[in-house]
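*Asks:* For reference, the structure I am asking about is given below.
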Amino acid sequence: MAIHTDEFELVQEAAAYIKHRMPFIPKAGIILGTGLGNWTNSIDIITEINTAEVPNMISPKVASHKGKLSFAIINNVPVAILAGRVHYYEGYEMNEVVRPVRVLHSIGCTHLVTTNAAGGLHPDFDGGDIVIIRDHINLMHANPLRGPNEERWGPRFPDMMHAYDREWISYTKVQAEKINLKIYTGVYAGLSGPNLETPAEYEYLHRIGADLVGMSAVPEVIAAHHIGMKILAMSVVSNVCYPPERIRETTVEDVIRVVESSASKAGILIEQAIQYCK
Ligand code: HPA
């Protein structure tokens, strides 16, 4: 069993390094998933840090993830944007997968926007659609809170009733409507990957109530909720997985292409949603 008694110190050390270099205390952390990293090219970045130079921060090895921590002011809200995350399927322990979330909290973020590419399990969803996650089903068979509880972060048995901030979701829906941006809400099933699912698995996930399936989000949300952050999570549908006759063979290049084609839409939604943090 992995016991991470010094995880708190590892997080503090990473945070201390960043705090010395950051231009302001960020209010919100934004994690950009597969295909969404280029959104940072369209905003004014004040300071950029390579995550590889931050002690204890693991940098993404997947080509689709950049490994940069950028500071910007978006609609008057100071934010820290992490382009690129590490995944459980890469072989990291869960405490390593969620370390960036805890670091974001330690440098001041009280709010988290987390984004990802996901398979669509709702018959209405098409590739490129944006879906706000309203709840999740953890099928990763792993949990970032396993092991001794770090009381300085949160309780041993965190309640998950309000993990996804309902007010923030409502706010975001209203903002999206104002600018005529079509968005959905849905339930995200988190699986460990790295393989995509079989048709039978997609069918099963649909039947148990999932609208989306992906390999991230869940550990981050559990850790962020444990530590008391307000959370807004969103997926871009990268491949259609339901009903079975709509499933197509999918490569990571397909996923990136579809998400990139919706990246500016997702960016606009983040810019709208972030105003909730004021
Ligand atoms: N399954 C799991 N994760 C994913 C998928 C999928 O179909 N698409 C993008 N991420």
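The values are calculated or read from the model by the stated rules, or taken from the named source; none is laboratory data. Please read all numbers here as calculations on a predicted model, not as lab measurements. For neighbour counting, all protein chains shown are included, and Cβ atoms are generated from backbone atoms with ideal geometry for every residue, glycine included. Quick note on the areas: whole protein, heavy atoms, side chains included, nothing else; ligands and nucleic acids left out. Shrake-Rupley method; radii C 1.70, N 1.55, O 1.52, S 1.80 Å.
*Asks:* Compute the length gained on full extension between Leu181 and Glu53: take 0.36 nm times their separation in residues and subtract their Cα-Cα distance, giving the result in nm to one decimal.
*Replies:* Between Leu181 and Glu53, full extension yields 42.3 nm more.
*Asks:* Cβ under 12 Å from Gly214's Cβ, Gly214 left aside: what net charge do those residues give with Lys, Arg +1 and Asp, Glu -1?
*Replies:* That sum, taken over residues with Cβ under 12 Å, equals -2.
*Asks:* Using only Cα atoms, what Kirkwood radius does the range 7-277 have, in angstroms?
*Replies:* Taking the inverse mean of 1/r over all distinct Cα pairs, the range 7-277 comes out at 18.4 Å.
*Asks:* Out of the GluC sites (Glu not before Pro) in the range 145-197, which ones are loop residues according to DSSP with at most 13 other C-beta atoms within 10 Å?
*Replies:* When the GluC sites (Glu not before Pro) of the range 145-197 are filtered for loop state and at most 13 Cβ neighbours within 10 Å, Glu151 remain.
*Asks:* Any idea what log10 I(q)/I(0) is at q = 0.13, 0.18, 0.20, 0.22 Å⁻¹ for the range 23-156, Debye with uniform C-alpha scatterers and no solvent?
*Replies:* Computed log10 I(q)/I(0) values: -0.62, -1.17, -1.37, -1.52.
*Asks:* Still on this structure, please answer the following. Just to be sure I understand: of the beta bridges DSSP finds with both ends in the chain, what percent are antiparallel, rounded to 5?
*Replies:* Around 35 percent antiparallel, to the nearest 5.
*Asks:* Same structure, new question: Note down the net charge around Asn38, summing +1 for each Lys or Arg and -1 for each Asp or Glu among other residues with Cβ under 9 Å from its Cβ.
*Replies:* Once positives and negatives cancel, what remains is 0.
*Asks:* Restrict the search to the range 201-262; then list the GluC sites (Glu not before Pro) that DSSP places in a loop and that have at most 11 other Cβ atoms within 10 Å of their Cβ.
*Replies:* Glu249
*Asks:* Let me ask something else about it. If I ignore ligands, DNA and RNA and count only protein heavy atoms, how much of Tyr92 is accessible to a 1.4 Å probe, in Å² to the nearest 10?
*Replies:* 30
*Asks:* Let me confirm the definition first: pairs of Lys residues in the chain, 8 or more apart or on different chains, C-alpha distance under 16 Å. How many are there?
*Replies:* Qualifying lysine pairs in the chain: 9.
*Asks:* Then there is this: Where in the chain are the helices, taken as whole DSSP H runs, whose Cα atoms extend 24 angstrom or more along the long axis and whose Kyte-Doolittle mean reaches at least -0.5?
*Replies:* Both cut-offs are met by no helix.
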